[in-house]
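Structure, as structure tokens:
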Amino acid sequence: MKTILKLAVSLCLFVASTSSIAASNQSSENKDWHTLSNYQQIISTHIHLNLEVDFNRKQLKGYVDHTIKKIDPSVTTLAVDTRALEIHKTEAMVDGQWKATPFEMAEPDAVRGTQLSVEVPAAATQIRIHYNSRPEASGLQWLTPEQTAGKKYPFMFSQSQAIHARSWIPIQDTPAMRVTYTATVKTDKAMRPVMSADNNPKRSPDGVYQFNMPQAIPPYLIAIAAGDILHKKMSKQTAIYSEQAYLDSAAKEFEDTQAMIEATEKLYGDYLWNQYDLLVLPPSFPFGGMENPRLSFITPTVIAGDKSLVNLIAHELAHSWSGNLVTNATWRDLWLNEGFTSYVENRIMEEVFGRDRAVMEQALAAQDLNHEMKTLPEADQILHVEMQGRDPDDAFSGIPYTKGQLFLIYLEEKFGRQRFDAFVKTYFETFAFKSLDTPSFVSYLHKNLIDKYPGVVSKAEINEWIFKPKLPKNAPQPKSNAFKLVQQHIDNWLASKSSLADIPTGKWTIHEWLYFVNNLPRDLSIERMAELDKAYNLTQSTNNEVAHAWLLLSIQREYDKVNNRLSDYLISIGRRKLIVPLYKALLENPDYLTYVSGIYRKARPGYHPLAQGTIDALFKEAKNK
Ligand code: BES
Ligand code: ZN
């Protein structure tokens, strides 16, 4: 224990200096609206968590110690974010001793939660907050044994991005801030906790585990999971953590992870986080993946058996540079995080799997963006989107991801790979372990690329990309030759110039299949649907993305043969991206209301609170129509 504390103290001296730079960069007008903390007056530079995972009560309980550093010497309180937390007592470390200090909870805010203010005595170096989370914490999911693959032990995991860390840790919850952290976590002996920190592959006999994250990270990257979790090493820097059920299949599916790390290092500089492990979660995990440092959280729905969906791993790994190293200062700057990551993801895919596949993935993403754009109000088509007063989870659309990616592809094409790659690499180095906002990025971009090579791209063009809705007219339009052929086959079949037997599907990759299903006309007849299903057995596709595309079309065309498969799919998968569009399509048809309500009744208890929230809102909207 002593050595951990010593190490922690020496590290935070180092970190304190970098965090204070990041914090002082933030003048009050560009303060992060989504935090109620006073991070511009005082910051916590290091936190220590001492928590017990209580599966019976569905709560984490214990305390958090904040090592504090005053920016404004006159500050007398530490204000932190909380949401639905029970606060028991607060203490301050003064002259080497913990002493009780008063605290106050403000009125809750609908989006941001409840501000907790703790009085800071003049000589205090740390603040300790004793608390527990509630079972309904927005950032935690508690699974019963039946909801796991092994069916024997319960499972829990956190999802802190965007502003859910505050539902399990009282913390200054803004990406403008960075902390190092250590943790002592106790759980049932039969289970194991893991964190976004250094994980010990060995299980502890007494159920108590120590963690250390020596690099300063924004609070949304603090993560925990616990369950019957096993370990399997893949390569020198990579391993799988998961229930027994996924251990071997995941290790096979994701065996190229080490090659991905090395490819990214070649492009953008060293991987700075030592280990890169993957935690494969139960299927109710609401996302594809989450880039928790040193331990990305991954949905099992991408274990397809043929590596066709491993761009997800490239994506979460890419965040080790964009996002985790160079972070968006506020949630309106999300595109700096997800746009760069989508771009880097695709560059990794090109390095490891070749240009053809990378371009196919670009083209599929661009098509999705074009469809989604039609449903988005103009204000939400802007990269530097206004988020004040809104839930930051609503900022996650194809805009920050794919419009952001297309902008970077545009710059790459204009300046050439050599210059653009050098620019991105230096950008990551310059802002490593810092947070920046869009205006700071724009001035860096002008200084280091646009003005350096004059006459290539104008200021007005940059402004249009970042501050205006729609896609600029000269935006890149990724085109894949393989898809051109698929399109010809679709057209010929529809024009009855050829039959399905003439289409050489035997050699198709999943990407060609996805293009095929996505580009079938939305008014396809039931007979044609049945013909396709008979030839290709699409209803039973074991690829979750292809199945998703086919189920979506089937709902729109009222092709009822999929109904059993559809309810199985919705009940067994909790990944929002795969299920929400299906619920949306079902709810658009009033005739399906009873059917979809029946499915949701069965499926809802297995979904993450975030997915429940999204889908509850869809039902409410449909019933009010
Ligand atoms: N950081 C996101 C996950 C996320 C999304 C957290 C929304 C909070 C709110 C992660 O890196 C991500 O983008 N995941 C995608 C992966 C895909 C683009 C390859 C996903 O989950 O689908
Ligand atoms: Zn991402």
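The values are calculated or read from the model by the stated rules, or taken from the named source; none is laboratory data. What you see is a predicted model; the values in this text were computed from it and never measured. Here the Cβ positions follow ideal geometry from the backbone for every residue, glycine too, while neighbour counts run over all protein chains shown. Accessible surface areas use protein heavy atoms only, side chains included; no ligands, DNA or RNA. Shrake-Rupley method; radii C 1.70, N 1.55, O 1.52, S 1.80 Å.
A few comments on the model shown:
- The residues of the chain expose on average 40 square angstrom of accessible surface per residue, using a 1.4 Å probe on protein heavy atoms.
- Cleavage-rule hits, trypsin sites (Lys or Arg not before Pro), segment 285-370, DSSP coil, Cβ neighbours within 10 Å at most 14: none
- For segment 424-471 versus segment 558-575, the gap between their alpha-carbon centres in whole angstrom: 44 Å
- Within the shell defined by Cβ-Cβ distances under 15 Å, the residues around GLU464 carry a net charge of +4, with Lys and Arg each +1 and Asp and Glu each -1.
- Segment 309-379: relative contact order as a whole-number percent, Cα under 8 Å and 6+ apart: 27 percent
- Take every Cα pair under 8 Å whose residues are at least 6 apart in sequence, average their separation, divide by the length of segment 507-608, and the relative contact order is 24 percent.
- Per residue, the chain reaches -11500 deg cm²/dmol at 222 nm when only DSSP H runs of four or more residues are counted, each adding -39500 (n - 2.57).
- For segment 493-555, the spherically averaged projection of the C-alpha convex hull amounts to 4.1 nm².
- Summing charges over neighbours of ALA122, with a neighbour being any other residue whose Cβ is under 12 Å away from its Cβ, gives -1 when K and R count +1 and D and E count -1.
- Other residues within the sphere of radius under 12 Å centred on the Cβ of THR45, judged by their own Cβ, net out at +2 (K and R +1, D and E -1).
- Radius of gyration, Dmax [the chain; alpha carbons; angstrom]: 24.7, 86
- Computed from Cα positions, the angle between helix 334-353 and the longest principal axis of the chain comes to roughly 60 degrees.
- Checked against a 28 Å cut-off, the cross-linked pairs LYS484/LYS534; LYS189/LYS233; LYS507/LYS534; LYS70/LYS468 give Cα-Cα distances beyond that limit for LYS70/LYS468.
- Relative contact order [Cα under 8 Å, 6+ residues apart], segment 321-467, whole percent: 36 percent
- With viscosity 1.567 mPa s and temperature 4 °C, the Kirkwood radius over alpha carbon pairs of segment 67-147 converts through Stokes-Einstein to a diffusion coefficient of 91 µm²/s.
- Only protein atoms count toward the accessible area here, which uses a 1.4 Å probe; on the chain, the carbon and sulfur part of that area reaches 51 percent.
- The peptide list 500-509, 446-455, 216-225, put in order of mean Cβ contacts within 10 Å with the highest first, becomes 216-225, 446-455, 500-509.
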